[in-house]
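Taking it in order: structure first as structure tokens, then the write-up.
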Amino acid sequence: MFKKLSLILVLVIVLGVVFSGFAAASQKDTQNSIKSRIMTDILKDNDKTDFITWKQLSSMFADYSKNRLQSDYIVDYDVIVKDFTGDGKIDVGIISNNDRGQKYLDIYTFYGNNAYRIFSGKGKFIKINKYSFDITNIGYDGRYYHETYTYQWSKVYWKFLRIGYARTYIKSGDYDKSVYDDERIVTVKALLSARMNGNYDLAEKYLSKSYREKLGNDGIASVIPYGWVSAVDIFESQRGDWVVVVMKDRWNQSRVFKFVPVPEKDNYGNYKIDNIIEIPEAR
């Protein structure tokens, strides 16, 4: 009886090793396939980078694999070929997703026949903008929230610097929902961005028709000071939902504003802001 149990145990161990070997081989084949597809996409989108070899980009996999579990491997990716540094030359950004839902962003620039990685970061969500990019993670301070850092290339320091920060509280059950999915927040952020850039004509596009007429031409600057947004939240009530914005003005004073969204559809979205009220008690 003991001999039979021993044989069965040995057989189980052997089969386990064999299947583990097959799984490891399959995993390796998958990673090699993804590497090959990344290279193909880079060369397809940018013929000027035909000197790139995978050896120059492999640090993306090599660095992460040292501190990651065996099952924590890349299952999908996206290649962005654009000028991230503003020097007029093409760079390459690679967003890779692992099997745990984590996203990694690696950005490479090229000098001569060499590729150099100039940024590496990770987050729950990654968004590439025209002149910057956002990395969002989930935090908790009694309530869950999306914490977003915005990065932009600095020609002075020759690296990507954090130029913006925003905290957006999450409604229950929406932990895996992108901060960019709620159109009311999208509308408020677009309005704020246009106002801070001095583009009042664009900012007015995110106001309701009645509120736009009420404020007049110079009204936006009078109700929204120039400053930096630090947090965005959504409050739901029986009288309607509204978006709260916490920001610091040019004198570094913290100020809180209530933005009231209403359904009003046009080419700029399905919501417009019908009222902006500063909450004086918060100052």
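For the stretch 181-277, the solvent-accessible area of protein heavy atoms averages 55 Å² per residue (probe radius 1.4 Å; ligands and nucleic acids excluded). Note that the stretch 81-96 has calculated 3J(HN,Hα) couplings of 9, 6, 8, 6, 9, x, 9, x, 10, 7, 10, 10, x, 10, 9, 10 Hz, one per residue in order, obtained from phi through the Karplus relation 6.51 cos²θ - 1.76 cosθ + 1.60 (θ = phi - 60°); glycine and proline are x.
The ellipsoid that matches the Cα gyration tensor of the stretch 220-280 has semi-axes, each √(5λ) in whole angstrom, of 22, 14, 10, with the longest given first. Under the convention that each Lys and Arg Cβ holds +1 and each Asp and Glu Cβ holds -1, the size of the dipole of the stretch 181-277 around its Cα centre is about 260 debye.
Between Gly164 and Thr150, the built amide H atoms are under 5 Å apart, and every one of these is 5 or more places off in sequence or on another chain.
Calculated FRET efficiency, Asn252 to Tyr144, Cβ-Cβ distance, R0 = 25 Å: about 0.35 to the nearest 0.05.
The values are calculated or read from the model by the stated rules, or taken from the named source; none is laboratory data. The shown structure was predicted, so the numbers you read here are calculated from the model rather than taken from an experiment. Reconstructed Cβ throughout: ideal geometry from the backbone, glycine too, with neighbour counts over all protein chains shown. To get the accessible areas, we keep the full protein, side chains included, count just its heavy atoms, and leave off ligands, DNA and RNA. Shrake-Rupley method; radii C 1.70, N 1.55, O 1.52, S 1.80 Å.
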